[in-house]
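The values are calculated or read from the model by the stated rules, or taken from the named source; none is laboratory data. Only a predicted model underlies this, so the values are computations on that prediction, with no experimental measurement involved. Note that each Cβ is placed from the backbone with ideal geometry, even for glycine, and that neighbours are counted across all protein chains shown. The protein model used for the area step is the full one, side chains on, heavy atoms only, and it has no ligands, DNA or RNA in it. Shrake-Rupley method; radii C 1.70, N 1.55, O 1.52, S 1.80 Å.
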Number of protein chains: 2
Amino acid sequence: MRPTKRDELVQKALQVFYQNGFHATGMDMLVKETGISKTSMYKHFRTKDDLILAVLRLRDEYFRNWLYRRIEELADIPIEQLIAMFDALEEWFDEPGYKGCMFIKASSEYQDSSHPIHNQAADHKRMLEIHFTAIAMKAGLPNPKLLTRQLLLLKEGAIVTAHLGHTENPAQDAKKAAIALIEASSP
Amino acid sequence: MRPTKRDELVQKALQVFYQNGFHATGMDMLVKETGISKTSMYKHFRTKDDLILAVLRLRDEYFRNWLYRRIEELADIPIEQLIAMFDALEEWFDEPGYKGCMFIKASSEYQDSSHPIHNQAADHKRMLEIHFTAIAMKAGLPNPKLLTRQLLLLKEGAIVTAHLGHTENPAQDAKKAAIALIEASSP
DNA sequence: GACAAAGTGAACCGATCTGTACATTTATAG
DNA sequence: CTATAAATGTACAGATCGGTTCACTTTGTC
């Protein structure tokens with residue numbers, strides 16, 4: 001029980017960090033954008049980094065839930081769900097405020113691999129890998145682990161390429177590559 | 001003529017920005033790390049952003065020269081050069097101070113696509129695409145443009161995955177995928 | 001050796017940074 | 001109504017931010 005303020009803060013801070021970056025967003029800007037007092041913020045989170053970690057947890061929950069559900073909506077059988085991932089990604093890229101992957105950005109701004117924020121970003125990627133490996137195994141594909149890692153390489157590549165904006169439709173390029181990889185790996 | 005100080009500044013600033021990030025690196029830190037006075041810096045560059053742009057220009061020159069040369073050393077025929085790109089990447093990932101791609105990080109910290117720094121990062125990726133498309137055409141592969149974009153998606157994916165560090169050997173995963181893609185696209 | 005260009009160091013500007021202190025107001029209970 | 005908890009606004013601390021000023025020293029050239 002007692003949701004509200006704290007959750008509201010994390011939710012709004014997520015938007016601001018995503019659109020603005022982490023270092024570029026100061027606590028005073030968060031006060032302005034979220035309408036929540038600084039005193040309140042520091043009652044819920046001891047440091048800015050703690051707030052960022054909470055934001056990343058929420059982002060992980062939002063994003064994975066959305067992606068997993070969307071893929072299930074788009075396709076029924078496992079092998080087609082793997083491919084549908086890239087259609088889901090295209091929808092994401094086409095959203096107005098698209099600014100790349102929050103976890104890639106977090107690991108770019110907190111580069112040291114010992115930093116908690118960097119680590120949490122890596123955790124997000126690990127969980128994606130586990131989920132999609134399970135789907136690849138259900139699909140009965142040979143070497144599902146390798147194939148999943150390769151599909152996820154295409155995913156990460158499409159994400160940063162869509163943000164850089166120098167290419168027409170990276171999601172569909174990746175989708176075609178994914179199909180070719182899956183066909184090549186099938187008997 | 002007259003190289004030295006300015007070039008020395010850009011060269012040393014490149015290291016600091018790469019290891020530390022852009023927003024996280026202040027001008028006073030640059031003074032400390034490069035040993036060049038702030039007065040001198042601001043005589044050569046009007047703003048920090050101007051310095052960053054110069055740093056990215058140098059990085060682009062360094063990186064592309066290295067990658068193009070290394071690939072030619074590793075393979076003779078075009079089709080094998082495309083594949084050798086991923087062996088070159090692996091060498092890069094294994095370097096001690098590896099911290100991902102400077103241009104991806106730049107576009108993460110300067111997200112607005114109208115920002116000169118973001119744009120210059122996109123230019124770097126464009127030039128890579130042109131170069132590798134030419135190689136793919138020399139290789140006589142069908143649809144060389146699409147194939148190149150796909151190989152570059154694998155490359156970007158491997159770069160960020162190697163930095164996140166949650167996967168064993170993304171370069172070799174990408175290499176195997178590249179081989180499969182090329183074989184699938186060959187007659 | 002003289003002169004100009006290039007570089008230096010340190011102080012300084014106003015703004016902003018993360019984080020704290022404190023007195024006050026607003027909700028939520030019993 | 002009253003006691004308690006939660007949230008607020010503001011002012012502030014100390015450090016750092018990007019950038020400027022200025023008097024001085026080094027460097028290269030004729």
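Quick rundown of the values:
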{"item": "Surface/4 estimate of mean projected area, convex hull on alpha-carbon atoms of the range A:95-153, nm²", "result": "5.1 nm²"}
{"item": "Shielding score for A:98-106, defined as the mean number of other chain Cβ atoms within 10 Å", "result": "3"}
{"item": "3J(HN,Hα) from dihedral phi, the range B:35-51, Karplus parametrisation 6.51/-1.76/1.60, rounded to Hz, x for glycine, proline", "result": "x, 9, 5, 5, 4, 5, 3, 6, 7, 8, 9, 5, 9, 4, 4, 4, 5"}
{"item": "Inter-copy label distances at B:P142 (7 Å, Cα→Cβ; nm, one decimal)", "result": "2.4"}
{"item": "Label-point separation, A:E73 to A:R6 (7 Å along Cα→Cβ), nm", "result": "3.1 nm"}
{"item": "Signed unit charges on C-beta, dipole axis of the range B:56-185, positive-most listed residue B:T167, B:W66, B:F132", "result": "B:F132"}
{"item": "Charged-residue dipole, Cβ positions (Lys, Arg, Asp, Glu), chain B about Cα centre, Debye nearest 20", "result": "800 debye"}
{"item": "Backbone HN-Hα couplings from phi across the range A:103-115 [Karplus 6.51/-1.76/1.60, Hz, Gly and Pro as x]", "result": "7, 5, 5, 4, 6, 6, 8, 10, 6, 4, 5, 8, 6"}
{"item": "Net length gained if the chain between A:A134 and A:A184 were fully extended (0.36 nm per residue, minus Cα distance)", "result": "16.1 nm"}
{"item": "Residue-wise HN-Hα coupling along the range B:132-146, computed from phi with Karplus coefficients 6.51, -1.76, 1.60 (Hz; x: Gly, Pro)", "result": "6, 4, 4, 5, 5, 6, 4, 6, x, 7, x, 6, x, 5, 4"}
{"item": "With Cα atoms, 0 to 90° folded angle of helix A:5-20 axis to chain A main axis", "result": "70 degrees"}
{"item": "Space enclosed by the convex hull of the alpha-carbon atoms of the range B:56-185, per residue, Å³", "result": "105 Å³"}
{"item": "Distances in nm from B:I179 to the matching label points in the other copies, shortest first (labels 7 Å along Cα to Cβ)", "result": "2.5"}
{"item": "Inter-chain Cβ neighbour average for residues A:134-147, partner chain, 10 Å", "result": "1"}
{"item": "Overall dimensions of the range B:44-110 by Cα: Rg and Dmax, Å", "result": "14.8, 46"}
{"item": "Shielding by other protein chains, B:169-179, mean Cβ within 10 Å", "result": "4"}
{"item": "Overall Cα dimensions of the protein assembly as shown, principal axis frame, Å, largest first", "result": "71, 60, 33"}
{"item": "Alpha-carbon centroids, the range B:50-95 and the range A:141-187: separation in whole Å", "result": "22 Å"}
{"item": "Loss of accessible area when B meets A, both sides summed, Å² nearest 100, probe 1.4 Å", "result": "3400 Å²"}
{"item": "About the Cα centre, charge dipole magnitude for the protein assembly as shown (Lys/Arg +1, Asp/Glu -1 at Cβ), debye", "result": "1200 debye"}
{"item": "Proximal charge balance of A:A75 [Cβ under 15 Å; K/R count +1, D/E count -1]", "result": "-3"}
{"item": "Cα long-axis angle, helix A:170-185 against chain A (0 to 90 degrees, to the nearest 10)", "result": "40 degrees"}
{"item": "21 Å Cα-Cα threshold exceeded, pairs from A:K175/B:K145; A:K12/A:K105; A:K125/B:K155; A:K105/B:K43", "result": "A:K105/B:K43"}
{"item": "Pairwise label distance in nanometres, A:R46 with B:D28, each label 7 Å out on the Cα-Cβ vector", "result": "2.6 nm"}
{"item": "Accessible surface ranking that places the most exposed of B:E91, A:E183, A:E156 first, with a 1.4 angstrom probe", "result": "A:E183, B:E91, A:E156"}
{"item": "Label geometry 7 Å along the beta-carbon vector: A:D87 inter-copy distances in nm", "result": "4.0"}
{"item": "Cα lying deepest toward the dipole's positive end in the protein assembly as shown, options B:L9, A:P116, B:A54, charges on Cβ", "result": "B:L9"}
